[in-house]
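*Asks:* Handing you this structure, nothing more for now.
The values are calculated or read from the model by the stated rules, or taken from the named source; none is laboratory data. Note that the structure is predicted; figures quoted are calculated from it, not measured. Cβ atoms come from the backbone with ideal geometry, glycine included; neighbour counts cover every protein chain shown.
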Amino acid sequence: MATRVGVVGASGYGGAELLRILAGHPEFEVVLAAAGSNAGEQITAVHPGLLPYANMVFAPTNAEVLADLDLVFLALPHGQSAELTAALAPSQRVVDLGADHRLRDPADWDKFYGPHPAAEPWTYGLPELPGRTAEIATAIKVANPGCYATAIQLSAAPLLAAGLVESADVVVVAASGTSGAGRKAAIATSATEVMGSMSAYKVGGTHQHIAEVSQELSAIAHTKVGVSFTPMLAPMPRGILASTTLRLIGEVSLERVRDAFGASYDDSSFVHLLPKGQWPTTGATAGTNCVYLQVAIDDEANRVIVVAAIDNLGKGAAGQAVQNANLMFGLQPDLGLTTMAVAP
């Protein structure tokens, strides 16, 4: 018998990607797609490309319509999940793609998101971090990581775990496609503003993903990890390309660096260190749950550079949420997920 699944926030980009992936999942059956402002509308009126859902309409967003589901995915704006999750049964499995349950320190929420929604922290759902797969497999509630946070952590975690780099000096510059800003209309992400142009935003330590990146990497390094992050908006609909640089401790060879990544990800279905000389591209990840990595050492600066590419709607959101749900239900982590890109 299929697992009965509901997607809340299904009118947005993350919700649509969840519906697309779940349409081909052999064990999960979407029986409800909720979208508050679009309740009563046909799903294909909002997402014309989701033909498997042509006979479904969006349900209202409330705890009552979710009560009999085996699994709920929440793809709501930050700050909107906590009230809904508080009304769900403690035994109901939930994966939240928003930030409400990611942070352990309420002060971090107050600093980066505004007044704290009084949401308890859940199991942090980045399976490739050390020891996290086992935790997710026994979890009832999982907080899906942010998109930038996924790319940055997977770039830095192997080096910090191996003690090869200084924890206080992690510098990241990353560019995201416009879908990372959500579907709500805004001048800054309109076609006229974005096409043929790149821009930086939330510069100077103000991007909200810094909180979870520092939280999780500090746990791996067993000391405070300092992160300087400059995000950029790129003229593309989806994808993230992140360059993370870290100061090496002493003389470290490129082979030792590559060995650290191999030890972390050789058994992963989705995270791949590319052969020498091949660099990650966002197009190679489009529509997949993959992460492509490459490393180099700058001898003059004694720094290691890690370049990562992901699909912000895939491994950065919906794909990772399905990966987490697979683990929660004792399924293979790659079930229903693809490693084949749709580019060009």
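*Asks:* For the list (1) in the same structural domain as VAL295 (by TED's automatic domain parsing); (2) surrounded by fewer than 24 Cβ atoms within 10 Å (Cβ to Cβ), I need the number of the one condition that SER155 fails.
*Replies:* (2)
*Asks:* Further, regarding this structure: With the structure loaded, tell me whether VAL142 is surrounded by fewer than 22 Cβ atoms within 10 Å (Cβ to Cβ) and either touching a residue at least 40 places away in the same chain (Cβ under 8 Å) or assigned to a loop (DSSP other than H, G, I, E, B) (or both) or whether it fails that test.
*Replies:* no
*Asks:* Okay, next question. Residues being outside any helix (DSSP H, G or I) and of a type in the set (A, V, I, L, M, F, W, C): count how many of those fall in the stretch 118-137.
*Replies:* Residues meeting the conditions: 5.
*Asks:* Every residue in the stretch 190-220 that is farther than 24 Å from PRO280 by Cβ, at pLDDT below 90 and part of a helix (DSSP H, G or I), please.
*Replies:* ALA191, THR192, GLU193
*Asks:* Among the residues of the stretch 314-321, are any more than 19 Å from the chain's Cα centre (by Cα) and of a type outside the set (Phe, Trp, Tyr)?
*Replies:* no
*Asks:* Do you know which residues across the stretch 119-136 are crowded, with 17+ Cβ neighbours inside 10 Å and over 18 Å from the mean Cα position of the chain (by Cα)?
*Replies:* ALA119
*Asks:* Is it fair to say ILE220 is in contact (Cβ under 8 Å) with a residue 60 or more places away in the chain, surrounded by 16 or more Cβ atoms within 10 Å (Cβ to Cβ), in contact with a strand residue (DSSP E or B) (Cβ under 6 Å, 6 or more places away or on another chain) and within 30 Å of LEU337 (Cα to Cα)?
*Replies:* Taking the combined requirement at face value, the residue does not satisfy it.
*Asks:* Still on this structure, please answer the following. One residue is enough: does the stretch 182-194 have a residue meeting the conditions closer than 20 Å to ALA321 by Cα and crowded, with 19+ Cβ neighbours inside 10 Å?
*Replies:* no
*Asks:* Under 7 Å by Cβ, and 6 or more places apart or on different chains, what pairs join a residue from the stretch 50-76 that is without any contact (Cβ under 8 Å) to a residue 12 or more places away in the chain with one that is surrounded by 15 or more Cβ atoms within 10 Å (Cβ to Cβ)?
*Replies:* Pairs found: LEU51/THR44.
*Asks:* Please go through the stretch 221-274 and pick out each residue that is under 17 Å from ILE305 (Cβ atoms) and either assigned by TED's automatic domain parsing to the domain that holds LEU129 or at pLDDT below 95 (or both).
*Replies:* GLU251
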